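Notes follow the structure.
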Amino acid sequence: MDDKQLEITHHDPLLYNEDLAPLKHKDRHWGWFEIFNVWSNDIQSLFGYTLAASLFLSYGLNGWAVMAAIILAGFIVMVLVNLSGKPSVKYGIPFPVMIRSSMGVRGANFPALLRAIIGIFWYGVQTYFASTAVTLLLTALFGQSDSEFLGMSGTAWLSFLLVWVFQIALFWQGIEKITVFLNWAGPLVYAVMLVLMLVVWYQAGDQLLPAVATIFDGGGDYQGSDVAAFSAIVGTMVAYFAAVVINFGDFTRFVRSERQMKIGNFVGLPLNVAFFSFIALIITAGTLVLFGEALTNPADIVDRVDSLPLTIVAALTFFAATVGINLVANFIPPAYDLANLFPKVISFRIGGLITAVVAFFVGGLWVAVISQMGISGFVNALGAIVAPFYGIIVVDYYLIKRQSLNMQELFSRDPEGAYFYQSGWNKKAMIAFAMAAVFSVATVWVPALSDLNGYGWMIGAALGGVFYYLLAPKPKRQY
């Protein structure tokens, strides 16, 4: 598709601004490396490392089976994002505009709002966790403050403010500066993790491989079958990436070609996940040798080593890694989603500023209030609710619209328009969503279905697609 076809000649101001408009091919500068680093920053966070390390210890499976499950999950996510990212490569539009095709030009605000709420909440939480790395650094250099407010010391509050301001400043520079940060942070984290792995390997010496064998013998308290454990690991890893899977178009709109996207996804997902999980395995086995117990939190490892140079390097690395995933998963998507709600008055930057302001209170209240309320279960339920939208998007684009969209009508409220449906809402899509969402939410809130919690996202997405295909209206026009 050439740039002339992406030019919006007539648009409704309630649906359009420059940040939501199709990005022309001449303005796209991302290749496979930038996509790779989106995934690098998603995987190489504190939580990502802890998750990978804990999977080897929790399910009683042979370690090679765990590795196979993790790699399989990487391939599954790769297929999912190749499907959800392709339309935005072709048309240069972000997720909240893309979903107008299936939900309607007004109905698209519903999933965009849900996604924004989830992103803002976790952005605040991740900002707090990123600040703990800065707190680690400041405490090592200057000592700990004695004052405390809302469960956080003065040093912790200073760190939180520094991280909060840094993220806003970086975001305000625009997507190009964010890209530079991601391209720098991803490889740096890898380099530091490799060094940490080699140091642990050297110190553990010839006791490391027996420790690896011990982990590979299986263990843990999991009571289910090996097949159920394998499926749970796959589902857990897929669910970990779910926040980015749906709105992957927010990033692929900057990519020069579909081929570049696919290469970046292949290198960034199955290969990257496998290699990073191997590093996590070796370091975890090494901690078993060095400290007498398997540590899965990198911060705990650094604390045990008690080395100021290592603390400084690790703190900076953890900070970069956590800010990276925060920008990818929790900052850029809500900025687009909020801009989509009121494009006439909210730009991409203003949407990001609103995200940051609200998230400040979430992060600031996390220790003393929010983490004590069990509110994360509510937000996890919202995450499960979003799952059916993935199936609806994919089925609509590939099976109903046959990979052909009318760019002009995505920005039009003409009652005769292809995406106006019923008063701007595709009611059949909403019915399909509601039916699938009942199951998705049940996996979070119904104890009898708790075993499905790990891979409830995949089933919810599949149900959303199936129900939508059965109910979907025929497109009004052929393009």
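Worth pointing out:
- Filter pass, Thr139 being free of Cβ contacts under 8 Å to residues at least 60 places away in the same chain and either closer than 27 Å to Leu23 by Cβ or surrounded by 18 or more Cβ atoms within 10 Å (Cβ to Cβ) (or both): no
- Residue-level check: of (1) assigned to a loop (DSSP other than H, G, I, E, B); (2) open to solvent by less than 10 Å² (accessible area, probe 1.4 Å); (3) not small (Gly, Ala, Ser), Thr296 misses just (2).
- Candidate set from the range 227-279 (those that are among the basic types (Lys, Arg) and open to solvent by 40 Å² or more (accessible area, probe 1.4 Å)); member that is nearest to Asn62 (Cα to Cα): Lys262
- Positions within the range 393-410 being surrounded by fewer than 21 Cβ atoms within 10 Å (Cβ to Cβ) and among the charged types (D, E, K, R), in sequence order: Lys401, Arg402
- Per the conditions (1) touching a residue at least 24 places away in the same chain (Cβ under 8 Å); (2) crowded, with 16+ Cβ neighbours inside 10 Å, the sole criterion not satisfied by Ala442 is (1).
- Remark: pairs (first residue in the range 47-70, over 12 Å from Ala232 (Cα atoms) and hydroxyl-bearing (Ser, Thr, Tyr); second residue assigned to a helix (DSSP H, G or I) and at pLDDT 80 or above; Cβ separation under 6 Å; 6+ apart in sequence or on different chains) = Tyr49/Ala280.
- Residue in the range 71-94 that is crowded, with 24+ Cβ neighbours inside 10 Å, closer than 21 Å to Tyr397 by Cβ and charged (D, E, K, R) present: no
- Those residues of the range 302-316 which are among the β-branched types (Val, Ile, Thr) and either over 16 Å from Thr50 (Cα atoms) or modelled with pLDDT of 80 or more (or both), in sequence order: Val305, Thr311, Ile312, Val313
- Pair list, Cβ under 8 Å, 6 or more apart: the range 273-298 residue at positive phi, other residue of a type in the set (A, V, I, L, M): none
- Filter result for Leu353 (open to solvent by 10 Å² or more (accessible area, probe 1.4 Å) and part of a helix (DSSP H, G or I)): yes
- Taking (1) open to solvent by less than 10 Å² (accessible area, probe 1.4 Å); (2) under 26 Å from the mean Cα position of the chain (by Cα) in turn, Leu6 satisfies each apart from (2).
The values are calculated or read from the model by the stated rules, or taken from the named source; none is laboratory data. Not measured: the values here are computed from a predicted model. Every residue, glycine as well, gets a Cβ built from its backbone with ideal geometry; the counts of neighbours run over all protein chains shown. Note: accessible area is taken over every heavy atom of the protein model, side chains too, but ligands, DNA and RNA are not part of it. Shrake-Rupley method; radii C 1.70, N 1.55, O 1.52, S 1.80 Å.
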